[in-house]
Amino acid sequence: MAYEVNRSRQPSPDSAVSDTRLYLRDEELDRGVGLILAGERRLADVCETVRKDTGLSRSELQALLAIHYQPGLTVSDLRARLATTVPTCARLLAALDARGLVDREVGGEDRRQRQLRLSAEGLALCDPVAAALRKALSLAYRDAGPERVVGARALLEALIR
């Protein structure tokens, strides 16, 4: 079975001359899913290598990285991002608070919300992980080439929308 990838695109005036729509077979889509999952595993391996030196659990590191990459994340946004329950997220944040890794600020619009930021200690702990991830990604980007980087970024942004 083939799936038309760009159904929502408007036909160009010269579409009668050349059909630029993209059709992908199940095998091609399966290969794409496999590659994305393998890429995720590769980045997780990079995190795991550095995580062992920090003494953090996987969940704690995931929470810190989520906050690192989106400072000001609310507690409920973090819970949704980690796909965890309220009590589990509360325990996780309590453990990070106890180590002085996270700062909670009162939300701007809704003062009941708490926005999360990394403390100086949290940043110091996340910096080696972020550096290792940047290195792995920059090597992959360099191998792929600049035009493919733009396409890969567009694909991933569309995937998470």
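The values are calculated or read from the model by the stated rules, or taken from the named source; none is laboratory data. For clarity, every value in this text was computed on a predicted model and none was experimentally measured. Cβ coordinates were reconstructed from backbone atoms using ideal geometry, including for glycine residues, and neighbour counts include every protein chain displayed. Surface accessibility is based on the protein's heavy atoms, side chains included, excluding ligands, DNA and RNA. Shrake-Rupley method; radii C 1.70, N 1.55, O 1.52, S 1.80 Å.
Which numbered condition in (1) open to solvent by 50 Å² or more (accessible area, probe 1.4 Å); (2) touching a Gly at 6+ places or on another chain (Cβ under 7 Å); (3) not in a strand (DSSP E or B) is the only one that Arg117 fails?
With respect to (1) open to solvent by 50 Å² or more (accessible area, probe 1.4 Å); (2) touching a Gly at 6+ places or on another chain (Cβ under 7 Å); (3) not in a strand (DSSP E or B), Arg117 is out only on (3).
Within region 40-54, can one find any residue that is surrounded by 14 or more Cβ atoms within 10 Å (Cβ to Cβ) and assigned to a loop (DSSP other than H, G, I, E, B)?
No, region 40-54 has no match at all.
Consider Asp30 against the criteria (1) at pLDDT 90 or above; (2) more than 18 Å from Leu96 (Cα to Cα); (3) not in a helix (DSSP H, G or I): it satisfies all of them except one. Which criterion is unmet?
So the condition that Asp30 fails would be (3).
Take the residues of region 136-161 that are over 22 Å from Ala44 (Cβ atoms) and among the charged types (D, E, K, R): which is surrounded by the most Cβ atoms within 10 Å (Cβ to Cβ)?
Among residues in region 136-161 that are over 22 Å from Ala44 (Cβ atoms) and among the charged types (D, E, K, R), the one surrounded by the most Cβ atoms within 10 Å (Cβ to Cβ) is Arg148.
Considering Glu109, Glu105, which residue is charged (D, E, K, R), more than 17 Å from Asp53 (Cβ to Cβ) and not in a loop (DSSP other than H, G, I, E, B)?
Just one listed residue meets the conditions, Glu105.
Pick out the one residue from Gly108, Gly100 that is more than 30 Å from Ala154 (Cβ to Cβ) and modelled with pLDDT under 90.
One residue alone meets the criteria, Gly108.
Taking only region 62-104 into account, find how many residues are in contact with a Cys (Cβ under 6 Å, 6 or more places away or on another chain) and hydrophobic (A, V, I, L, M, F, W, C).
Of region 62-104, the ones in contact with a Cys (Cβ under 6 Å, 6 or more places away or on another chain) are 64, 68, 79.
Add one more test, that the residue is hydrophobic (A, V, I, L, M, F, W, C), and what stays is 64.
Final tally of qualifying residues: 1.
If I ask for residues that are aliphatic (A, V, I, L, M), closer than 15 Å to Gly122 by Cβ and open to solvent by 30 Å² or more (accessible area, probe 1.4 Å), which ones from region 76-106 would you list?
Ala94, Ala95, Ala98
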